[in-house]
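Just below is one structure, and these are the notes that go with it.
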Amino acid sequence: MHNTLTGNKEKLETLEPGKCGIYCCGPTVYDYTHLGNARAAVVPDLLVRFLRHQGYEVKYVRNVTDIDDKIIARSAEQGVEPAELAVRFTDAYHQDMSSLNTLDPDVEPRVSDTIDEIIDLVATLMDKGLAYDVDGDVYFRVTKFKGYGKLSKRSVDEMLEAAGSRIDVDERKETPLDFALWKAAKPGEPSWTSPWGEGRPGWHIECSAMSAKHLGDNFDIHGGGRDLIFPHHENEIAQSQGAHGEDTYARTWVHNGFINFAGEKMSKSLGNFFTTRELTAIFPPETLRYYLMTVHYRSGLNFDLEVTCPACHAVMDKEQQESAVCGSCGHETTAEILKKQVRFPSLEDADDRLAYIYSTLAAAGRFLETAKASASEVIVEGPVAEMLPAFVAHMANDLNSSGALGVLSKPLSEINTLLASGKGVNKDLRYATIAYFVTSMKEVAEILGCFGKDASEWLVQRRDMKAGRVGLDVTRVDELLVQRISARQEKDWTAADRIRDELAELGVTVQDDPTGSVWAFL
RNA sequence: GGCGGCAUAGCCAAGUGGCUAAGGCAACGGUCUGCAAAAUCGUCAUCCCCAGUUCGACUCUGGGUGCCGCCUCCA
């Protein structure tokens, strides 16, 4: 794994051989999740799945931050209690992540359940002279912790010089870099009793407390989004090592890259993002998961989208979108209509590819049900036989899911060829190869959390989902299909072609094979 | 301004100090098909620029250019 702390790719050596403790920064529950949140959950999920596949006993801890400035602010806007808001979005988070087939963490601590441990940790830091209190706030004394900056590769001196240039500094702090461990309660805010008065935890202390509680002072891997490196994770290190000693805390730091939204940073404050549930209303959730895995987890990911004019279908740029006037044909529309015109080319690609993989699996499944099993032992060789080891090797190399997925291509086409025709191939070998492929793909599916559904059902669901969304009259399609099948049986090609044109007008294409016809979207 | 990252075909995206630089999409040409579609086969890049290290670099070093992120809440 690539370790942010050292900047190098390192062989993973866990504290206890065969076991691995992972802490991952989970969500702050104040809104629905977006693709970036999804990536931050899918990446550690992939890691956990892979390590388990490799035989590790993994303890996976992912927290929920349910006490936070943003939650308080949002609940004030909506006129609900912060705790109520937090519960609502915690539930939504669970639904979204479960739709993406992420495994539940083994422990999911909440800040509100960890207050005692947080207070103890702050008290320890006070005792050691690493923290001080001012008017009920407690701050970490950054200049007293000599390793500060080692994760984000910043120097305290340089940061001190730059401090104050961008934001006003709280004069009560000893140095501008000092950060809050405990915040005095303001009227109406949720608060807990502490030695420093009524208050609540600062932003960073929770993770130090929760990881120590569930994984110990030392553990193997800490994960999160790249943006958390500074200040969040840097501060966690300062707190935890300040309290527990220099050689403690996470050994390997794993950070996933950001998702850029149409070239611009995906940001809630800009408002131009799509939530996970908006996207899973359009595409099967597994498509999102698959899409996230087509790019290496440390890379930035450009989530491209396209807005086309409802009248002339020309692509509209940002300016045209804002004015809601098409630059090509001059058509005037509204933002509401334009929102429905948004297309996601990269998700469409991912969706098609996933459908190809499932179609192959479905066909392979049908073959294995009807064909005669191998009578004799045959040795499977070639791409299908090499697939799984090559796949695993890529995954072992810093979780290279993109490289790993590339390995599947040759076997898939080999299988499709074998399914289409057994010409020149030994019957037993044909069966054995297809069976071997299906078995291998089951393991791939376990690691990826993809391709694991019943293939035929998945394809039907995907089709129905789209039919429902675009308002396709499936009954009508089926009628036409029946008519066309009989026309073809009578070799009435003109009628068959006419019906095919009608289907095309409905947005549907037909695929004929010797046994009949099926339809799909154009 | 400080720190970090990235720059591979029309697009997306892996990868390596030296064998044919994965894979996908698109395109083009075959096979299959009544014709199609699907499937399948084939074609399609010398790796941002300039120096250097090396027997040899796209891969290492230095410089340049461009893009992005963090430094403030953010996955």
Legend entry - Extreme residue, nearest to RNA strand B (Cβ to nearest atom), among residues of segment A:387-433 that are open to solvent by less than 40 Å² (accessible area, probe 1.4 Å) and on the phi > 0 side of the Ramachandran plot: A:ASP398
Inset, instruction - Could you check, for segment A:442-456, whether at least one of its residues is in the same structural domain as A:LEU361 (by TED's automatic domain parsing), open to solvent by less than 10 Å² (accessible area, probe 1.4 Å) and farther than 23 Å from A:PHE50 by Cβ? - result: no
Inset, instruction - Scan (1) closer than 30 Å to A:ALA364 by Cβ; (2) within 12 Å of RNA strand B (Cβ to nearest atom); (3) exposed (fewer than 13 other Cβ atoms within 10 Å of the Cβ) for the single condition A:LYS491 breaks and write down its number. - result: (1)
Legend entry - Hey, A:GLU236 modelled with pLDDT of 80 or more, acidic (Asp, Glu) and open to solvent by less than 10 Å² (accessible area, probe 1.4 Å) or not: yes
Legend entry - Unique match (being among the acidic types (Asp, Glu), within 20 Å of the chain's Cα centre (by Cα) and away from RNA strand B (no atom under 11 Å from the Cβ)) among A:ASP45, A:ASP31, A:ASP66: A:ASP45
Legend entry - Odd one out for A:VAL470, checked against (1) surrounded by 12 or more Cβ atoms within 10 Å (Cβ to Cβ); (2) touching a residue at least 24 places away in the same chain (Cβ under 8 Å): (1)
Inset, instruction - Please work out which one of (1) charged (D, E, K, R); (2) closer than 25 Å to A:TRP519 by Cβ; (3) at pLDDT below 95; (4) open to solvent by 60 Å² or more (accessible area, probe 1.4 Å) is the condition A:ASP352 fails and give its number. - result: (3)
Legend entry - Conditions (1) over 28 Å from A:ARG39 (Cβ atoms); (2) in contact (Cβ under 8 Å) with a residue 12 or more places away in the chain; number of the one not met by A:THR439: (2)
Inset, instruction - Scan segment A:28-54 for residues that are within 30 Å of A:ALA281 (Cα to Cα), open to solvent by 20 Å² or more (accessible area, probe 1.4 Å) and assigned to a loop (DSSP other than H, G, I, E, B) and jot them down. - result: A:TYR30, A:ASP31, A:TYR32
Inset, instruction - Could you grab the pairs with beta carbons closer than 9 Å, sequence gap of 6+ or different chains, first residue in segment A:74-90 and without any contact (Cβ under 8 Å) to a residue 40 or more places away in the chain, second one among the basic types (Lys, Arg)? - result: A:VAL80/A:ARG74; A:VAL80/A:ARG88
Legend entry - Positions within segment A:1-24 being open to solvent by 20 Å² or more (accessible area, probe 1.4 Å) and under 27 Å from A:TRP203 (Cα atoms), in sequence order: A:HIS2, A:THR4, A:LEU5, A:THR6, A:GLY7
Inset, instruction - Starting from residues that are crowded, with 19+ Cβ neighbours inside 10 Å and more than 6 Å from RNA strand B (Cβ to nearest atom), keep the ones in segment A:253-269 and report whichever is modelled with the lowest pLDDT. - result: A:PHE261
Legend entry - Matching entry among A:LEU419, A:LEU405 (being more than 22 Å from the chain's Cα centre (by Cα) and part of a helix (DSSP H, G or I)): A:LEU419
Inset, instruction - Inspect segment A:326-340 for any residue being in contact with a strand residue (DSSP E or B) (Cβ under 8 Å, 6 or more places away or on another chain) and either in a helix (DSSP H, G or I) or within 16 Å of RNA strand B (Cβ to nearest atom) (or both) and give the result as yes or no. - result: yes
Legend entry - Enumeration of residues in segment A:437-487 that are touching a Lys or Arg at 6+ places or on another chain (Cβ under 8 Å) and not small (Gly, Ala, Ser): A:GLU446, A:ILE447, A:LEU448, A:CYS450, A:LEU472, A:ARG484
Legend entry - Residue check for A:ASP91: surrounded by 19 or more Cβ atoms within 10 Å (Cβ to Cβ) and of a type outside the set (Val, Ile, Thr): no
Inset, instruction - Can you give me the number of residues within segment A:55-65 that are part of a loop (DSSP other than H, G, I, E, B) and either closer than 22 Å to A:HIS2 by Cβ or among the small types (Gly, Ala, Ser) (or both)? - result: 2
Inset, instruction - Test A:PHE179 against the criterion of being of a type in the set (A, V, I, L, M, F, W, C) and modelled with pLDDT under 95, and give yes or no. - result: yes
Legend entry - Filtered residue count, segment A:206-233, keeping only those that are aliphatic (A, V, I, L, M) and at pLDDT below 95: 2
Inset, instruction - Could you tell me whether any residue of segment A:189-204 is among the charged types (D, E, K, R) and surrounded by 21 or more Cβ atoms within 10 Å (Cβ to Cβ)? - result: yes
Legend entry - Flag for A:ILE379 being open to solvent by 50 Å² or more (accessible area, probe 1.4 Å), of a type in the set (Val, Ile, Thr), more than 7 Å from RNA strand B (Cβ to nearest atom) and over 24 Å from A:GLY257 (Cβ atoms): yes
Legend entry - Close pairs from segment A:415-432: first not assigned by TED's automatic domain parsing to the domain that holds A:ALA364, partner within 14 Å of RNA strand B (Cβ to nearest atom) and polar (S, T, N, Q), Cβ under 9 Å, at least 6 apart: none
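The values are calculated or read from the model by the stated rules, or taken from the named source; none is laboratory data. Computed from a prediction, not measured in an experiment: that's the story for all the values here. Because the Cβ atoms are built from the backbone with ideal geometry, glycine has one as well, and the counts that use them run over all protein chains shown. Quick note on the areas: whole protein, heavy atoms, side chains included, nothing else; ligands and nucleic acids left out. Shrake-Rupley method; radii C 1.70, N 1.55, O 1.52, S 1.80 Å.
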